[in-house]
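The values are calculated or read from the model by the stated rules, or taken from the named source; none is laboratory data. Since the structure is predicted, the reported quantities are computational estimates derived from the model, not experimental observations. For neighbour counting, all protein chains shown are included, and Cβ atoms are generated from backbone atoms with ideal geometry for every residue, glycine included. The protein model used for the area step is the full one, side chains on, heavy atoms only, and it has no ligands, DNA or RNA in it. Shrake-Rupley method; radii C 1.70, N 1.55, O 1.52, S 1.80 Å.
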Amino acid sequence: MTIDTAQQTIAANGIDICYQDHGDPAHPVILLIMGLGGQLTLWPVELVDALVAKGFRVVRYDNRDIGLSTTFDAAGVPNVRRLALRSLFRMELRVPYRIADMARDAVGLLDALGIERAHIVGASMGGMIAQHVAASHGARVLSLTSVMSTSGNRRLPRPKKAAMALLFDRPTGGDPEAIIAFSKRAAKVIGSPAYPPDPERLDRRIRADFARSFRPQGLARQMAAIIADGDRRPLLRRITAPTLVIHGEADPLAPIAGGHDTAANIDDAAFLAIPGMGHDLPLALVDTM
């Protein structure tokens, strides 16, 4: 089956959201929400194709401030290190927007597309957004799947040092080769040790994503939203939708304890641990997903 890769832009929640819509409009909808700095293209087309073949309509989109959706450059660039320090001391945080706002974007997209209810699937930061959707907009949610995400519990293990460094050492200039080299190194650091990507395919994907959009300032604002979101355990306890939490056992950026804690705070949530999976979506795991 060949999926429709045409992208469109639609007004939702007061902004413009770039999205792709695949499959039969009459089929149940899966809404895919990507993580920090990730464009909709980070959802492998093979996964989208497989879901469509299973009888779903699949919608994937660019979060605000990334890809081809509305940018918030007028809000300035937050000092992420300072925000993290203020969060540590439980001080007031002023950020351009919050994860709850991004959840309203997701619901707004469903509204704009005339979709009453959907299966909500989020990866990493997208999992946080999906958690907010399920907790605060439960009537719109058929099910929740939180992938390689976390509860925000401060007592959870921190990312490994090399993975954490990637969040603060990203190149902000416009040198394509420097950005591509960094992205390749990042993919190796946080990727799945049991399922390394094909180097040529990875190179093509990174170059295509850079050509499509490069918004390092948007990534900083998304990081600020994550920091400001804090502990979501009280939020998670409000979720009533059927929930599956998926997490890689080898995730260096969001250690698997975050997945366990997410599932533990949602009534009757199922948990799937995947050996050898890191903080990415390897093609070898499409069938499992």
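Of all residues in the stretch 189-206 being in contact with a Pro (Cβ under 8 Å, 6 or more places away or on another chain) and in a helix (DSSP H, G or I), which is nearest to M277 (Cα to Cα)? Of everything passing the filter in the stretch 189-206, I190 is nearest to M277 (Cα to Cα).
Test F89 against the criterion of being surrounded by fewer than 21 Cβ atoms within 10 Å (Cβ to Cβ) and at pLDDT below 95, and give yes or no. Talk me through it step by step, then tell me what you get.
Values: surrounded by fewer than 21 Cβ atoms within 10 Å (Cβ to Cβ): yes; at pLDDT below 95: yes.
Judged against the criteria, F89 is a match.
Rundown of residues vs (1) in contact with a Leu (Cβ under 7 Å, 6 or more places away or on another chain); (2) hydrophobic (A, V, I, L, M, F, W, C); (3) open to solvent by 80 Å² or more (accessible area, probe 1.4 Å), yes/no style:
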| site | (1), (2), (3) |
| --- | --- |
| R204 | no, no, yes |
| A220 | no, yes, no |
| A225 | no, yes, no |
| R232 | no, no, no |
| R237 | no, no, yes |
| E249 | no, no, yes |
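A search for C-beta distances below 6 Å between a residue of the stretch 111-137 that is within 20 Å of G278 (Cβ to Cβ) and any residue that is polar (S, T, N, Q) and open to solvent by 10 Å² or more (accessible area, probe 1.4 Å), counting only pairs 6+ apart in sequence or on different chains, returns V121/T145. Can you find a residue that is of a type outside the set (S, T, N, Q) and loosely packed, with under 14 Cβ neighbours inside 10 Å anywhere in the stretch 54-65? Yes: the stretch 54-65 contains one or more residues that are of a type outside the set (S, T, N, Q) and loosely packed, with under 14 Cβ neighbours inside 10 Å. Out of the stretch 23-44, which residues are part of a loop (DSSP other than H, G, I, E, B), more than 15 Å from L219 (Cα to Cα) and not aromatic (F, W, Y)? Result: G23, D24, P25, A26, H27, P28, P44. Is it the case that L47 is part of a helix (DSSP H, G or I) and either modelled with pLDDT under 95 or within 30 Å of A6 (Cβ to Cβ) (or both)? Yes. All conditions in (1) modelled with pLDDT of 95 or more; (2) crowded, with 17+ Cβ neighbours inside 10 Å; (3) under 18 Å from the mean Cα position of the chain (by Cα); (4) within 30 Å of Y97 (Cβ to Cβ) hold for S192, with the sole exception of (4). The condition (being surrounded by fewer than 17 Cβ atoms within 10 Å (Cβ to Cβ) and not basic (K, R)) is satisfied by just one residue among P255, P275, P197: P275.
When L113 is tested against the conditions (1) surrounded by 17 or more Cβ atoms within 10 Å (Cβ to Cβ); (2) farther than 22 Å from I15 by Cα, the lone failure is (2).
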